[in-house]
Amino acid sequence: MKTFLRDVGRVWVAISVVTLVVARAYPAESEWKVGLANVKITPETPVPMAGYASRTKPFEKVEQDIYAKALALEDRQGNRGVLITTDLIGISRAVAEPVCQRIQDKTKLVRSQILLSSSHTHSAPILSLEERTEAGVAPEDARNIVAFTHSLQDKLVDVAVQALSGLEPARLSWGSGVAHLAMNRREFTPRGVILGVNPRGLVDRSVPVLRVDSADGKLRAVLFDYACHNTTLTQTNFSLCGDYAGFAQAYIQERFPGAQAMFMIGCGGDANPYPRGTMENARELGATLGREVGRVLEAPLRPVSGPLNCVFDHASVPLQQFSRAELVKMTNGPSWQTGNAKAMLAKLDRGEKLASVYDVPVAVWQFGSDLTLVGLSGEVVVDYVPLVEQAIGPLQLWIAAYCNDVFGYFPSARVLKEGGYECRGLYTTEGFFAPTAQDVLVAKVRELAQRAGRKPAE
């Protein structure tokens, strides 16, 4: 009888332990409500593709449809946010801010609760609200670009509203993997830094992954990130697609039926895929990234709790100041420098003053004490990964770029000193960033992280 009672006790203890583990993994009440939506944004009329200045005619075929996808979040306190990812080269402030205002008007969100992200594929349409033909684009194509951009704005608003209107109980968890796709492209030569291959150059090969499960444990969505240009396909490509990121999303959605895969790009302003050049390369790299995301999804993940605290602000980042003589000299300098210098001279010729700062959007989303998502803007080089880690700590940290306003390259002080293509500065307006821009941006990230509730780095 004593043996029986002892055995029963052991069974009861074992059941209790299992119950406790399950309870910890699956709380009775979901921490979150999540809404999902997606919309195809493939143009109905072919338009020129963005990313390579020499490519001015419209795309010739659709290799893969492109999408905008929304992930809406609401914590137990009712704090909300919506993240929109797009298979596009980048959304400028001129295109993004009207979209955000319309989302605010329709949903009562505030600006800090809206995060726009672009994959930076160079096989997607040019975006513009103005008919521009000066770059060799035909007038009819310029009109089609504007029409597509207006249609895109409508779809971005609609996909956000749809996701926010379909909130359902969910659980979030996250983890990170590694993928060997990225190659530093700042190749040092006797003639200076060129766009090439630098095997010893720094890249961020981490693959952060956010898993979204329904209340009953079914995978509903996957958000993942990789810090590398979507430039597997070069200027000879005239097939529309999402490049490696588009193929990675397709791979994940095929492997996990019913799940919505969403891609963000990290600090990959100075990284290219390797190898590159063909559609087969893009597919293979996408599958490689997709497999790593799948591996992370099936490994033990860390739960993500609320509350959700979203903050948004601008860093007034200094621009370099040049004399007219210096700008004239720059027009005969490296190719990456001449266009901006000529635009600045033209501005002076019109009697206008050159800007001294550019207001760079910065976003921080804090998920309880479990995760901090930093959303940087522009084409941010890899140096900002260790810089941000040093500023706010490396743990529970996800750093994304190409968010909210893709205005041009954002180099570090080191890159500016070395020179090269990533020093070309703004391309939605005129100007070159000053070396002190680095400190101003990092200080703003530190400030917003503290405002959002991230614990200070020790």
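Quick notes on this one:
- Among residues of segment 324-335, those that are of a type outside the set (D, E, K, R) and open to solvent by 50 Å² or more (accessible area, probe 1.4 Å), counted: 5
- Taken together, the residues in segment 116-155 that are assigned to a loop (DSSP other than H, G, I, E, B) and out of contact with any His (no Cβ under 7 Å at 6 or more places or on another chain) amount to 17.
- Residue count, segment 375-384 (criterion: crowded, with 23+ Cβ neighbours inside 10 Å and either more than 22 Å from E418 (Cα to Cα) or not hydrophobic (A, V, I, L, M, F, W, C) (or both)): 6
- When G175 is tested against (1) more than 30 Å from K106 (Cα to Cα); (2) more than 19 Å from the chain's Cα centre (by Cα); (3) surrounded by fewer than 20 Cβ atoms within 10 Å (Cβ to Cβ), exactly one condition is not met: (2).
- Checking each residue in segment 393-422 for being part of a helix (DSSP H, G or I) and either open to solvent by less than 10 Å² (accessible area, probe 1.4 Å) or among the aromatic types (F, W, Y) (or both) picks out V415, Y421, E422.
- Being touching an Asp or Glu at 6+ places or on another chain (Cβ under 7 Å) and either crowded, with 17+ Cβ neighbours inside 10 Å or not in a loop (DSSP other than H, G, I, E, B) (or both) holds for only one residue in A96, A70, and it is A96.
- Segment 99-123, subset over 23 Å from C267 (Cβ atoms) and of a type in the set (A, V, I, L, M), residue surrounded by the most Cβ atoms within 10 Å (Cβ to Cβ): I103
- Checking Q64 against (1) surrounded by 16 or more Cβ atoms within 10 Å (Cβ to Cβ); (2) not in a loop (DSSP other than H, G, I, E, B), the condition it does not meet: (2)
- Condition met for L387 (open to solvent by 10 Å² or more (accessible area, probe 1.4 Å), at pLDDT 95 or above, within 22 Å of S118 (Cα to Cα) and not acidic (D, E)): no
- Pairing each residue of segment 212-238 that is of a type in the set (S, T, Y) with any residue that is in a strand (DSSP E or B) and at pLDDT below 95, provided the two are 6+ apart or on different chains, yields no C-beta distance under 9 Å.
- Here the condition is being closer than 25 Å to N404 by Cα, modelled with pLDDT of 95 or more, among the small types (G, A, S) and part of a strand (DSSP E or B); of A245, A315, A250, it holds for A315 alone.
The values are calculated or read from the model by the stated rules, or taken from the named source; none is laboratory data. Note that this is a predicted model, so its numbers are computed, not measured. Note: ideal-geometry Cβ built from the backbone for every residue, glycine included; neighbour counts use all protein chains shown. Ligands, DNA and RNA are stripped out before the accessible areas are found, and what is left, the full protein with its side chains, is counted by its heavy atoms. Shrake-Rupley method; radii C 1.70, N 1.55, O 1.52, S 1.80 Å.
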